[in-house]
Amino acid sequence: MNTNLAPTYKKLFGDHWILWYTISNSYSIIEPEFKLLLDSYLESNSTIDFSATISDSIDVSDDITYSISETLFNYLKDCNRPYSSPIIPLIPLDKSYRNISKQYHFEGKTIQIYYNSELVLKTVHPALAYCCIKSSDVALATFDIYLKDEDLYLFKNECLISRVSKHDYHLIQGKFIMQLLCTLHDKQESDWLGTFHGSTITDGNSSILFIGESGKGKSTLCALLAANGFDLLADDVSPMLSKDKHIYYNPLAISIKKGAFNVLEPIISDFDSLPLVKFNKTKGDLKYIPCEKPKNNHYPCHAIILVNYKPKANTSLEKVSVKTILETIIPESWLSPNPKHAKQFLDWLTDIDMYQLTYSNTKSVTTEISKLFKQLNKKL
């Protein structure tokens, strides 16, 4: 059979196998029974050989064997759709779009960003507004973000980083955050194992990554924890470095939707004075809560928690399968296509605990997370 379609890495997690394919930089999660069929298919020289192999364990006709073989081939073909990085064209920076200038200061490092309009300003400025300063310092890096002919452009030091449709503004946000992190931590994009769509909290020893679909309460939970003695390491985008498999500090403020205002207002000091940001109808009204920087720039991550806020629900923290975690984290995260990084990611998953958290009560959820940190730190 076509062994060129075989996965590069295979790792067993409890009742599930995780497979990774180099060509597509994709992960798949399969049951052990399917894994046995897949291995038999890849190890067979022909459909006849495959039929003889599986007939030892199951009684099937030639037609059914052919159907199984075709299903496995189509599955592998889908798992091997080529991954390719977008080609960045050589487009010069148009400085005539430098209508708004902002400088941001991060512990001795100054970043300059130019925007062409108040609308474009809202793509990244609200999350960094607390770092904005009135200064003419020499910038470590200069960014330009502008809208031209229905496309959004992102330049760094006058080199085009990304160009997307204005409707895909979140892609510009993601690229900007990656380049900002590279600048602040003195890294290249190729140094990162990945950036997880999730928020990370630290107790000063280790960290926990909180994931969940939009609106499930992960940012709200992190704001609660940050107000109760923990430190925010990263909100919404949590970057992991390949060198040490630690999650690194992301300076963006916590983005809070209107639905959580009443939960946080009595807990967060000066919450009412935070500016109200109206970006678009989909996002609705937002507030951005700045947090103090943790003592260190990075911490090891020893747990992933899938967050689910439910009004009037009892607080519960239960272990879940890797399948549940990966089905949430993979679709919206960026994971490096480097085979070395893919192996590191799978190895890291082996070493961490995975949970699902349901909560509504702010006091009990803080207590639950405190207990978990104590358990995790005993393993250090």
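Between residue 24 and residue 228, the contour length at 0.36 nm per residue exceeds the alpha carbon distance by 69.2 nm. Label-to-label distance, residue 166 versus residue 87, with points set 7 angstrom from Cα along the beta-carbon direction: 2.7 nm. In loop segments of region 125-156 as defined by DSSP, the trypsin sites (Lys or Arg not before Pro) with at most 16 further C-beta atoms inside 10 Å of their C-beta are 134. Among the listed pairs 257/378; 312/343; 109/245; 218/378, those whose Cα-Cα separation exceeds 32 Å are 257/378; 312/343.
Protection proxy ranking, highest mean first, for peptides 42-54, 165-177: 165-177, 42-54, where packing is the per-residue count of other beta-carbon atoms within 10 Å, averaged. With unit charges on the beta carbons (Lys and Arg positive, Asp and Glu negative) and the dipole taken about the Cα centre of region 161-276, which residue among 170, 207, 276 sits farthest to the positive side? Working it through, the farthest residue towards the positive pole turns out to be 170. Placing a pseudo-label 7 Å from each Cα along the Cα-to-Cβ vector at residue 95 and residue 351 gives an inter-label distance of 4.8 nm. Among the listed pairs 243/278; 243/379; 148/243; 187/295, those with a Cα-Cα distance over 30 Å are 243/278; 148/243.
For the chain, the antiparallel share of DSSP beta bridges with both residues in that region comes to about 80%. If R0 is 22 Å, what FRET efficiency do you get for residue 132 and residue 214 from their C-beta distance, rounded to 0.05? Computed FRET efficiency for residue 132 and residue 214: 0.25. Applying the Kirkwood pairwise sum to the alpha-carbon positions of region 179-227 produces a hydrodynamic radius of 12.6 angstrom. Mean projection of the Cα convex hull over all viewing directions, computed for region 162-278: 8.4 nm².
Coordinate range of the alpha-carbon atoms in region 1-120 per principal axis, descending: 72, 33, 23 Å. Once the 1.4 Å probe is applied to the protein heavy atoms, the chain comes out at 50 Å² accessible per residue. The packing ranking, built from the mean of other Cβ atoms within 10 Å per residue, places the peptides 11-19, 31-39 in the order 11-19, 31-39, highest first.
In summary, the convex hull built on the alpha carbon positions of the chain has an orientation-averaged projected area of 22.3 nm². Computed over Cα pairs, the Kirkwood radius of region 213-267 leads via Stokes-Einstein (1.002 mPa s, 20 °C) to a diffusion coefficient of 174 µm² per second. Were the residues from residue 361 through residue 8 laid out at 0.36 nm apart, the gain over their Cα-Cα distance would be 122.7 nm. Extension gain, residue 48 to residue 316: 0.36 nm times the residue separation minus the Cα-Cα distance gives 91.3 nm. A Förster distance of 22 Å, applied to the separation of the beta-carbon atoms of residue 141 and residue 243, puts the FRET efficiency at 0.55. Around the Cα centre of the chain, unit charges on the Cβ atoms of Lys, Arg, Asp and Glu (plus for the first two, minus for the last two) sum to a dipole of about 1540 debye. Rg of the Cα atoms in region 75-146, relative to 2.2 N^0.38 Å, amounts to 1.57.
How many nm is it between the label spots at residue 118 and residue 191, if each spot is 7 Å from the Cα in line with the beta carbon? With each label point 7 Å from Cα toward Cβ, the separation is 3.9 nm.
The values are calculated or read from the model by the stated rules, or taken from the named source; none is laboratory data. The shown structure was predicted, so the numbers you read here are calculated from the model rather than taken from an experiment. Cβ coordinates were reconstructed from backbone atoms using ideal geometry, including for glycine residues, and neighbour counts include every protein chain displayed. Side chains are part of the model used for accessible areas, which takes the heavy atoms of the whole protein and leaves out ligands, DNA and RNA. Shrake-Rupley method; radii C 1.70, N 1.55, O 1.52, S 1.80 Å.
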